Amino acid sequence: MNHEHFPLSLLLAIIPLMVVGCQHEQPWATGNDHRPTGVRTIGMLESLDPRFNELIAPDARVEKLAQGFAWSEGPIWIKDGGYLLFSDVISNTVFKWKEGEGISEFLKPSGYTGKVPRGGEPGSNGLTVDSQGRLTLCEHGDRRIARLEKDGHKTTLADRFEGKRFNSPNDLVYKSNGDLYFTDPPYGLEAREKDPKKEIPFQGVYRLKPNGELTLLTDQLTFPNGLAFSPDEKTLYVAVSDPAKAVWMAYDVKPDGAIANGRVFFDATDWVKTRPGLPDGMKVDKDGNLFATGPGGVHVFAPGGRHLGTINTGEKTANCNWGGDGSVLYITANHFLCRIQTKTKGLGF
């Protein structure tokens, strides 16, 4: 599709963003050329502990791979094919990036298939793959968790809790036994927590078993967002993107898959005053270090909670994930897709 020729329905969907004032200020992506322009690197490294330099070389740089997205999110490396997929939540598109080929559209619509034009953040957000390599999506507009089958059709894995529609599933992670954990804040609703279409009175964290059994794990977080497991799967980390209490939580994972002993892993509330962004998507490396997007970029924490340093992108940074041989960290930062070479590797590589 050539974005320079906007259909009327698309224009009607974009106009409400300007009217209500979307939290992501960057303009709509125009045209199909997403090649980076200008300076090809952004940001800087901020080392606070010698262990940070053991994870990322001091001379490593954040490289711009593509630009011109409205709000980039949810990167996932597809090993069978050697390419990256990521969401542009506002443009309702999953994009594909491959070395030597650049950007192409992979899936559109990605998260909203309705016929009524709407604003806000309608597309897919978090992306992952299951044990069979099938893409699993958090779909804001359709308010569901869906799986893209090999033949191209989608299967709804979950869209309701106790008969009520989800708010807008945001991020997700599979446990090794096939259980899917996901968060359900209101960001995909046009009026967010005040939207009249909101059916569930809280923002939950859920577990979905392969047999379809859905369990509410907690309803006590204001805006649950990104989540990740420790390498031994005994700890679940959950980001809370609440500017009044911008924290990363940690929970013990019980043998039955439930969570307990919730505690603040790190409190970044003071950073919100001076740095762009909020706690968002995160990933864990092979040694349990947490690479967590938040105010100012990607923050690196040791398993014990020590802040080792920051990949400061200078942008609102939504998510990150490992790719390539497992040592390359791909970063979705506002209207950019970026990467940085690390000295560690992500889980599963």
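The values are calculated or read from the model by the stated rules, or taken from the named source; none is laboratory data. Just so it is clear, the model here is predicted, and its values are computed rather than measured. Glycine gets a Cβ as well: all are built from the backbone with ideal geometry, and neighbour counts include every protein chain shown. With ligands, DNA and RNA removed, areas are computed over all heavy atoms of the protein, side chains included. Shrake-Rupley method; radii C 1.70, N 1.55, O 1.52, S 1.80 Å.
Extension gain, Ser230-Lys343: 0.36 nm per intervening residue step, less the Cα-Cα distance, totals 38.8 nm. Would you work out if region 232-325 is rounded, prolate or oblate? Take a ≥ b ≥ c from the square roots of the eigenvalues of the alpha-carbon gyration tensor; rounded if a/c is under 1.5, else prolate when a/b is larger than b/c, oblate otherwise. In terms of gyration-tensor shape, oblate. For the chain, the 222 nm mean residue ellipticity estimated from helices alone, with every DSSP H stretch of n ≥ 4 adding -39500 (n - 2.57) and the total spread over all residues, rounds to -1500 deg cm²/dmol.
Taking all protein chains in place and a 1.4 Å probe, what share, in percent, of the accessible surface of region 247-349 do carbon and sulfur account for? Could the numbers behind the result be given before it?
Values: 1650 of 3320 Å².
Answer for region 247-349: carbon and sulfur cover 50 percent of the accessible area.
Using the Cβ-Cβ distance between Ala57 and Thr274 with R0 set to 22 Å, the FRET efficiency from 1/(1 + (r/R0)^6) comes to roughly 0.25. Its Cα gyration tensor gives region 192-349 an equivalent ellipsoid; the semi-axes, largest first and in whole Å, are 24, 21, 15. Take region 170-225 with all the other protein chains still there, run a 1.4 Å probe, and you get 41 Å² of accessible area per residue. Ordering of 188-201, 164-177 by packing is 164-177, 188-201, highest average first (other Cβ atoms within 10 Å, averaged per residue).
Under 14 Å from the Cβ of Arg118, count the other residues' Cβ atoms, weight Lys and Arg +1, Asp and Glu -1, and hand me the total. Each step should come with its number before you reach the end.
On the way: positive: Lys115, Arg143, Arg192, Lys197; negative: Glu121, Glu139, Asp142, Glu190, Asp195.
Around Arg118, the surrounding residues sum to -1.
Over 26 Å apart at the Cα level, from the set Lys154/Lys175; Lys115/Lys194; Lys194/Lys283, are Lys194/Lys283. Using only C-alpha atoms and all pairs of different ones, pull out the Kirkwood radius for region 60-204 in Å with one decimal. Result for region 60-204, one decimal place: 15.6 Å.
Computed from the C-beta positions of Thr155 and Lys194, the FRET efficiency with R₀ = 35 Å rounds to 0.65.
Per-residue 3J(HN,Hα) values for region 307-315, derived from phi via the Karplus relation 6.51 cos²θ - 1.76 cosθ + 1.60 with θ = phi - 60°, read 7, 8, x, 9, 8, 7, 7, x, 10 Hz in sequence order (x marks Gly and Pro). With viscosity set to 0.692 mPa s at 37 °C, what whole-number translational diffusion coefficient in µm²/s follows for region 29-98 from Stokes-Einstein and a Kirkwood radius over Cα pairs? Estimated via Stokes-Einstein, D reaches 229 µm²/s. State whether the chain is rounded, prolate or oblate according to the following rule on the C-alpha gyration tensor (a ≥ b ≥ c being the square roots of its eigenvalues): a/c under 1.5 gives rounded; otherwise a/b larger than b/c gives prolate, and the remaining case gives oblate. Taking the square roots of the gyration eigenvalues as a ≥ b ≥ c, the chain is rounded. Taking the accessible area of region 30-92, probe 1.4 Å, and keeping the other protein chains in place, the carbon and sulfur fraction comes to 51%. Within the listed set Leu148, Leu65, Leu290, the residue fluctuating most in the Gaussian network model of the chain (springs between alpha-carbon atoms under 10 angstrom) is Leu148.
The listed peptides 40-48, 251-259, 71-79, ordered by packing as a protection proxy, come out as 71-79, 40-48, 251-259 (highest mean of other Cβ atoms within 10 Å first). With a simple spin-label model that places each label point 7 Å from the Cα along the Cα-to-Cβ direction, the separation between Val116 and Thr222 comes to 3.0 nm. First select every other residue whose beta carbon is under 15 angstrom from the beta carbon of Ile200; then total the charges, Lys and Arg +1, Asp and Glu -1. Result for the local shell: +2. Relative contact order of the chain, taken over Cα pairs closer than 8 Å and 6 or more residues apart, is 15 percent. Under 12 Å of direct C-alpha separation, and excluding same-chain neighbours fewer than eight residues apart, Lys245 reaches these aspartates and glutamates: Asp267, Asp270.
Ranked highest first by average number of other Cβ atoms within 10 Å, how do 127-133, 277-283 line up? Spell out each step's value before the answer.
Numbers: 127-133: 15.0, 277-283: 25.9.
Ranking the peptides 127-133, 277-283 by packing returns 277-283, 127-133.
Once the C-beta distance of Arg134 and Glu99 is scaled by a Förster radius of 30 Å, the resulting FRET efficiency is 0.85 to the nearest 0.05.
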